[in-house]
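These notes are about the structure you will find just below.
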Amino acid sequence: MAAVRQDVAKLGSGWNKDLLNYALAMQAMDELPIQDRNSWKFLGAMHGFHPQLWRNEHLIKANAPIPTDLTNNTFGNQCQHGSWYFLSWHRAYLYAFESIVAAKVKQLTGDDWALPYWNYLDSSNPKALNLPDAFVAKTLPNGKPNPLRKYPRRNGITAIQASPWLSLAAMEENDFLVGNDGSLGFGGGISDDFVQFEAMTGDLESNPHNTVHGLVGGYMGNALLAGLDPIFWLHHCNIDRLWEAWMNTPGKTMVRDPRWLNGPANRRFIMPVPGDNAPGVTFSGKDTLKGGKYHRTYDDLSIGTGVKPGVQAVARVNMGSPTTQKVQPIGANADVVKVGGAPVQTRIDLEPTATAKGMATMGATATGQEVTRLYLALDSVRGSAPSPLLHVYVNLPPDADPAQHPERQAGSLTLFGLNVASQDDGPHAGGGLGYTIDITDLAQRLTDAGDFDPQHLRVTLVPGEQVSDDEPITIERISVLKRSGVVT
Ligand SMILES: [Cu+2]
């Protein structure tokens, strides 16, 4: 899936293309029979299903046959609550749903589609608590009834209520689970077996997850119906993003218990895939973590999450004695770069195998493992000003304003003494100065954002004070260095 998951508030007001496509796909899927594993009702029933309740709600006909895969302990009634499987199960559920909707959108309109998230605790957005316009509009742009508000909510609400019990306090907890049973902590209590509603609810599940379900109300307030409300998926997408933000924040400890990674012990979790009744895909917790088949990335992990992830994404470890460590260049740009009054971009061609290997060992923490860090090296920097300021960015999106992308900034260098080092008659004979910037964390962030190509790196140099067309600086060469050692 190529498209990135974005904040629904940033997609535009009213019937923006993504929400219109969502509505069109939802309508088409809602018309499919529940026997179809790509139907809206089948997907909803995977969360919770109760034949009599569904008949009472006129979701299925009184005499209609019930698909066996909803009642035989495979697809139906799978949602995991009150245990450490809450986040991992719902992550895969979102992924499967998103793939199926995206396939339908593609078929109907040719567009790419990604599931947006409802960032209801974004304090920078005064309308954060509003349900997005498209979920409350009476009609589609063509005047037909709006499928995104088809299923009932609390008295026609247009916004969830600001309440003291809706908060991001969960994000302050540092441990996924605490205690022998995991009764405390971020992620929920330990459960060896498959249990739809276990006993110990984790912090994030309790609030804001449960709180938002209750505030929206109606079907959202009932686990046996919740998956039918299209807003359910945007809510859960934000919960999933909060978990991702939490895992990417320094000082947080994610569970590594094999029972979580490989469980549950007595029944396999299973998700459908696009395409009628293709066999499902089984999975466990490990498949939902970075590198797993159900892991997805987000446009942002900071806004409305209460944490600042990625500040120190890659652990600092002791890499062995300096004499046993190796530093080797794995790529460089081709030409001298001159920076005047405007930003300049240069491309570094990387040696792909060495780069990929370096990336793979960057996060190593176990004693005896090979471990790597990456650096950007600026050689023979020259200029005539005494302490010019140079901002260095990596892989900025095309035409982006660097100031809007602090997450892509490798560093800012104050080139103190540059005037002296650059004098032809000086002690350095004008050789200029050299700098290195540790880009390990940045490379990890780029990888997480799906924007690290092991073949190239784009470096953008943005002039700060004392850099202008009249007083430019030149950089002889920019390269990437790989430092490797062994964790001790
Ligand atoms: Cu939920």
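The values are calculated or read from the model by the stated rules, or taken from the named source; none is laboratory data. On a predicted model such as this, the values are computed, not experimentally measured, just so you know. Cβ sites come from the backbone with ideal geometry, for glycine too, and all protein chains shown count toward neighbours. Accessible surface areas use protein heavy atoms only, side chains included; no ligands, DNA or RNA. Shrake-Rupley method; radii C 1.70, N 1.55, O 1.52, S 1.80 Å.
Key figures for this structure:
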| item | result |
| --- | --- |
| Two-site label geometry, Ala64 and Thr211: point separation in nm, points 7 Å out along Cα→Cβ | 3.7 nm |
| Percent accessible area from carbon and sulfur atoms, the chain, protein chains only, probe 1.4 Å | 51 percent |
| Potential extension, Asp469-Asp399 segment - 0.36 nm per residue separation minus Cα distance | 23.1 nm |
| Neighbour net charge for Ala114 - beta-carbon separation under 11 angstrom, K R +1, D E -1 | -3 |
| Alpha carbon convex hull of region 326-486, volume per residue in cubic angstrom | 114 Å³ |
| Cβ-derived FRET efficiency at R0 25 Å, Ser123 paired with Asn222, nearest 0.05 | 0.25 |
| Gained length - Ser302 relative to Arg259, 0.36 nm times residue gap less alpha-carbon distance | 12.4 nm |
| Cα centroid separation - region 333-370 against region 404-459, whole Å | 11 Å |
| Cα-derived Rg over Rh, computed across region 8-288 with Rh taken as Kirkwood radius | 0.95 |
| Cβ-defined net charge surrounding Leu242, 15 Å radius [Lys, Arg +1; Asp, Glu -1] | -4 |
| Probe 1.4 Å, accessible area per residue of region 326-486, Å² | 47 Å² |
| Most to least packed among 385-395, 472-482, 323-333 [average Cβ atoms within 10 Å] | 472-482, 385-395, 323-333 |
| Length gained when the stretch Thr361-Asn73 is fully extended (0.36 nm per residue, less Cα-Cα span) | 99.7 nm |
| Listed peptides 184-194, 86-96, 454-464 by packing density, highest first (mean Cβ within 10 Å) | 86-96, 184-194, 454-464 |
| Summed side-chain charge close to Ser191 - residues other than Ser191 whose Cβ falls under 14 Å, Lys, Arg +1, Asp, Glu -1 | -4 |
| Dipole of the chain, positive direction: furthest Cα of Gly341, Val394, Thr355, with charges on the beta-carbon | Thr355 |
| Estimated vicinal HN-Hα couplings, Hz - region 475-488 in sequence order (Karplus 6.51, -1.76, 1.60; Gly, Pro = x) | 10, 4, 7, 10, 9, 10, 10, 10, 9, 10, x, 10, 4, 10 |
| Thr414-Asn174 pseudo-label distance in nm [points 7 Å out on the Cα-to-Cβ vector] | 3.2 nm |
| Ala278-Asp349 FRET efficiency (beta carbon distance; Förster radius 41 Å; 0.05 resolution) | 0.50 |
| Principal semi-axes in Å for region 268-362 [√(5λ), Cα gyration tensor, largest first] | 38, 22, 19 |
| Amide H contacts of Leu289 (H built 1.01 Å from N, under 5 Å, at least 5 apart or other chain) | none |
| D (Stokes-Einstein, µm²/s), Kirkwood Cα radius, the chain, 0.692 mPa s at 37 °C | 131 µm²/s |
| In Hz, Karplus ³J(HN,Hα) per residue of region 249-257 (6.51, -1.76, 1.60; θ = phi - 60°; x = Gly, Pro) | 9, x, x, 9, 10, 7, 5, 10, 5 |
| Spin-label model distance (nm) - Val195 vs Gln161, 7 Å beyond Cα toward Cβ | 3.2 nm |
| Sequence ranges 42-53, 354-365, ranked by mean other-Cβ count within 10 angstrom, highest first | 42-53, 354-365 |
| Computed E for Thr109/Thr323 - FRET, C-beta separation, R0 60 angstrom, nearest 0.05 | 0.50 |
| Low-density loop cleavage sites - trypsin sites (Lys or Arg not before Pro) in region 141-200, where at most 16 other Cβ are within 10 Å (DSSP) | Lys150 |
| Listed pairs Lys41/Lys104; Lys10/Lys150; Lys17/Lys104; Lys252/Lys290 exceeding 22 Å between Cα atoms | Lys10/Lys150 |
| For region 91-105, Karplus couplings with θ = phi - 60° (6.51, -1.76, 1.60), whole Hz, Gly/Pro x | 4, 5, 4, 4, 4, 5, 4, 4, 4, 6, 5, 4, 5, 5, 4 |
